[in-house]
Amino acid sequence: MRTAYFTLLAILNACAVAMAQAAAQPQTDVPVKTVVLFSSGVGYFEHLGNVQGNASTELRFKTAQINDILKSLVLQDLDKGTVSTVTYPSQDPLAKTLRSFQVDITSNPSLADLLNQIRGAKVTITSNAEKVSGTVLGVEKKQKSVGDKGNPIEVSVINILTGGTIRAIELDTVGTLVLDDSQLQEELTKALTALTQARDQDKKPVTINFTGEGNRRVRIGYVVETPIWKTSYRLIMDDKAGKLQGWAIVENQTDNDWNNVQLSLVSGRPISFVMDLYQPLYINRPIVVPELFASLRPRVYEGGMTTPAAPPEAFALNRAQALNGRGGGGGFDGRGGRDVVAMQGLAAPAREMSKSLSDLPQLEAISSIQAAASAAQVGELFQYTVGNVSLARQKSAMLPIINDSIDVERVSIYNASVLQKNPLNGARLKNTTDKHLLQGPITVLDAGSYAGDAQIDNVPPGQERLLSYGIDLQMMVDNTKNSENAAILSGKIVKGVLEISRRHQASLDYLAENKSDKDKTVIIEHPIRQGWKLIDTDKPIETTQTLYRFKGTVPAKKSSNLTVKEEIVDGETIALLPADIGQIDFYSRTSEIPKNVRDALVKAVQLKQAMVDTQRQIDEHNKSLSDITTEQNRIRENMRTVASNSQYYTRLMSKLNEQESQIEKLQSERDDLTKKLDDQRKGLEDYLGNLSLG
């Protein structure tokens, strides 16, 4: 079988040569020239180049990007040529793809199995220096004796029809086997190509064919998923003004190097979705994958930031003492005097370095950077364009896009839900550039040194935002003094229902104490409560969906107070018919309610009181009837124990007669009282049912 193995190798080598010849056909390189990255996570890529005559170019994409290519690919032959076809590998499972060819190599067939598949094909075989050409009839198994003892073994024999003769040739003796059918050879080559491509499932070639004459310019454009381009900023503040430096962070995650491309960075969220166009569908109804919308979720300043503050002054002093050998006692880490000695050895060089650094001017982060981007409004979007960008594939880069002066006001921002006692060091930034500032982190440099980090939301030109970058330890705020009260405003009656209007008022004091040597601007953030409105309070400088922002100044070494007063008017409804007399009586004596309403309430109280009196009398009659009934039961029990002709029996009978007369009288009076109560209730209902005052 070793010879058969080499025979199969010969077939595969022949196919490989055919594949190499096909691959050797000239491909035209059309390089990428324009890249547009969107903040929504997609990118538009445009290739521009020249082709000669009938030509093709190949672009390679990740499998996950093919759907985007099929959805968005745009092509143009600029010089009277045409685009003929765009080809790409099938997405069918490998086994299904291999079974679609005339030669099925799905199960890694042996040479005998392969020859059985091509029965009827014309081949040329070289065996024992003899060349035989003919048609394959098939392969069969035969027994062959080997060795001195003639032990039988099984061998594979190919039967070939040559002219009118059938030749049987053992596969072990075959040196070469050539497929004379070019179509069959091409099918086998395609099957092997599919097998090769399946080994690299993450890369798919897309071949674009152009038809025309002469040298022509062609353009290729498409949209694919890309990493979101990001921004980071440096805010440099001094006593005079502020400067903003912006960097764009981009990644080239494509399979093409960017050589001198025009890179545009677009701040906006165009709608983009993914639809499965690559997967072949074998059912009658189309299947569409649910649409996905990728977008950033910008952070709004509402919650502020609680960046750790710089170490307290006392801590900094202790550390300096340790560096100079005056830490005292146990050394820097508590392990004995050796560490103190080591620090003493470093003290002199440290002092020299500190002296040399102090001779330098403050770090000026703006002068050495020039913005490489031009900015422009594109419809509802905003874009930065950078020319001549070179970035190798699978590399990232930072590009300067903003380097402008900007209006900055130092402020201390207090929000009790962020920090109870201290405000935050912050700034009120107004976008005085003509550029759209995309959301991102800001590193704040104050007087040439690091002051903290902040986060900013999208800021179009002309708009303002707050940012905070540290804890203001030089200012304290006390917001513990608050009060609430409620008062009745008015009342009215609508068809027997008393409607009361109440006003609730709340007051909260913010006492800010400035311990620094400079006046400070403070912004107080006060939560908005649904339905409440401000009264007797300075107008806030701005209002968000959840906060009022009040602005004021606290002089150095002094305190200032802001009082926020709010009120809300709500209502209470009381149905007078079932209401308690005491409740109605209370409102009838409330001076804030109009007099005609109070008079009506007084009358309602009188009517209800009359009903109460009548009901009390009915209850008394019922009690009397119950007592008499109990007494009669006692008398009847006694009568059973005495003789009917005795004087005592006669006496008991007489008393029963008297009680029966009392019962009849009480029942008659109770019936009259019940009728009276019904009349009183109807009178009250009629009075209240049509009563509307106030």
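The values are calculated or read from the model by the stated rules, or taken from the named source; none is laboratory data. The model shown is predicted, which means the values in this text are computed figures rather than measured ones. When we count neighbours, we look across all protein chains shown, and the Cβ atoms used for this are built from the backbone with ideal geometry, even at glycine. With ligands, DNA and RNA removed, areas are computed over all heavy atoms of the protein, side chains included. Shrake-Rupley method; radii C 1.70, N 1.55, O 1.52, S 1.80 Å.
Summary table
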{"quantity": "Count of residues meeting criterion [free of Cβ contacts under 8 Å to residues at least 40 places away in the same chain and part of a strand (DSSP E or B)] in segment 144-169", "calculated": "17"}
{"quantity": "Flag if Gln439 is open to solvent by 30 Å² or more (accessible area, probe 1.4 Å), of a type outside the set (Asp, Glu), under 25 Å from Ala248 (Cα atoms) and at pLDDT 90 or above", "calculated": "no"}
{"quantity": "Lys495 vs. criteria in contact with a helix residue (DSSP H, G or I) (Cβ under 9 Å, 6 or more places away or on another chain) and in contact (Cβ under 8 Å) with a residue 12 or more places away in the chain", "calculated": "yes"}
{"quantity": "Search result, residues across segment 224-239 that are under 10 Å from Val408 (Cβ atoms) and part of a loop (DSSP other than H, G, I, E, B)", "calculated": "Asp238"}
{"quantity": "Cβ pairs under 7 Å, 6+ apart, first in segment 441-456 and without any contact (Cβ under 8 Å) to a residue 12 or more places away in the chain, second part of a strand (DSSP E or B) and surrounded by fewer than 21 Cβ atoms within 10 Å (Cβ to Cβ)", "calculated": "none"}
{"quantity": "Within segment 598-649, tally of residues that are free of Cβ contacts under 8 Å to residues at least 24 places away in the same chain, farther than 23 Å from Asp585 by Cα and either of a type in the set (D, E, K, R) or touching a Ser or Thr at 6+ places or on another chain (Cβ under 6 Å) (or both)", "calculated": "8"}
{"quantity": "Subset tally (residues that are polar (S, T, N, Q) and over 35 Å from the mean Cα position of the chain (by Cα)) for segment 539-583", "calculated": "7"}
{"quantity": "Selection within segment 64-80 - part of a loop (DSSP other than H, G, I, E, B) and at pLDDT 90 or above", "calculated": "Leu73"}
{"quantity": "Selection from segment 474-497 of residues that are part of a strand (DSSP E or B), open to solvent by 40 Å² or more (accessible area, probe 1.4 Å) and either farther than 29 Å from Glu572 by Cβ or touching a Phe, Trp or Tyr at 6+ places or on another chain (Cβ under 8 Å) (or both)", "calculated": "Met476, Asp478"}
{"quantity": "Selected residue (only one of Leu673, Leu607, Leu625 is touching a Gly at 6+ places or on another chain (Cβ under 9 Å), surrounded by 15 or more Cβ atoms within 10 Å (Cβ to Cβ) and assigned to a helix (DSSP H, G or I))", "calculated": "Leu607"}
{"quantity": "Cβ-Cβ under 9 Å pairs, at least 6 apart or on other chains, segment 34-59 side under 21 Å from Tyr88 (Cβ atoms), far side open to solvent by less than 10 Å² (accessible area, probe 1.4 Å) and charged (D, E, K, R)", "calculated": "Val51/Arg216; Ala55/Arg216"}
{"quantity": "Residue match in segment 553-565 (condition: touching a His at 6+ places or on another chain (Cβ under 8 Å), modelled with pLDDT of 90 or more and under 25 Å from Asn485 (Cα atoms))", "calculated": "yes"}
{"quantity": "Residue tally, condition under 24 Å from Asn388 (Cα atoms), of a type outside the set (Asp, Glu) and out of contact with any Leu (no Cβ under 6 Å at 6 or more places or on another chain), over segment 41-60", "calculated": "12"}
{"quantity": "Selected residue (criterion: surrounded by the most Cβ atoms within 10 Å (Cβ to Cβ)) from residues of segment 456-473 that are over 26 Å from Asp239 (Cβ atoms) and not charged (D, E, K, R)", "calculated": "Asn458"}
{"quantity": "Qualifying residue in segment 240-252 (condition: modelled with pLDDT under 90, touching a strand residue (DSSP E or B) at 6+ places or on another chain (Cβ under 7 Å) and within 30 Å of Val411 (Cβ to Cβ))", "calculated": "yes"}
{"quantity": "Tabulated pairs, segment 250-263, first at negative phi, second surrounded by fewer than 16 Cβ atoms within 10 Å (Cβ to Cβ) and of a type in the set (Lys, Arg), C-beta under 7 angstrom, 6+ apart or interchain", "calculated": "Asn252/Arg393; Asn252/Lys395; Thr254/Arg393; Asp255/Arg60; Asp255/Arg393; Asn256/Arg393; Asp257/Arg393"}
{"quantity": "Any hit, segment 519-528, residues being at pLDDT 90 or above, outside any strand (DSSP E or B) and crowded, with 16+ Cβ neighbours inside 10 Å", "calculated": "yes"}
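Yes/no per residue for (1) among the polar types (S, T, N, Q); (2) surrounded by 19 or more Cβ atoms within 10 Å (Cβ to Cβ); (3) part of a strand (DSSP E or B):
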residue	(1), (2), (3)
Tyr384	no, yes, yes
Asn388	yes, no, yes
Met398	no, no, yes
Ser405	yes, no, yes
Ile413	no, yes, yes
Ser417	yes, no, no
Arg428	no, yes, yes
Ala454	no, yes, yes
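Quick grid of which residues meet (1) of a type in the set (S, T, N, Q); (2) open to solvent by less than 30 Å² (accessible area, probe 1.4 Å); (3) at pLDDT below 80:
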site: Thr87; (1), (2), (3): yes, no, no
site: Ser110; (1), (2), (3): yes, no, yes
site: Gly138; (1), (2), (3): no, yes, no
site: Ser145; (1), (2), (3): yes, no, yes
site: Ile166; (1), (2), (3): no, no, no
site: Thr176; (1), (2), (3): yes, no, no
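The rows are residues; the columns are (1) open to solvent by 90 Å² or more (accessible area, probe 1.4 Å); (2) at pLDDT 90 or above; (3) in contact with a helix residue (DSSP H, G or I) (Cβ under 8 Å, 6 or more places away or on another chain).
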{"site": "Thr614", "(1), (2), (3)": "no, yes, yes"}
{"site": "Glu637", "(1), (2), (3)": "yes, no, no"}
{"site": "Val642", "(1), (2), (3)": "no, no, yes"}
{"site": "Tyr649", "(1), (2), (3)": "no, no, yes"}
{"site": "Leu666", "(1), (2), (3)": "no, yes, yes"}
{"site": "Glu669", "(1), (2), (3)": "no, yes, yes"}
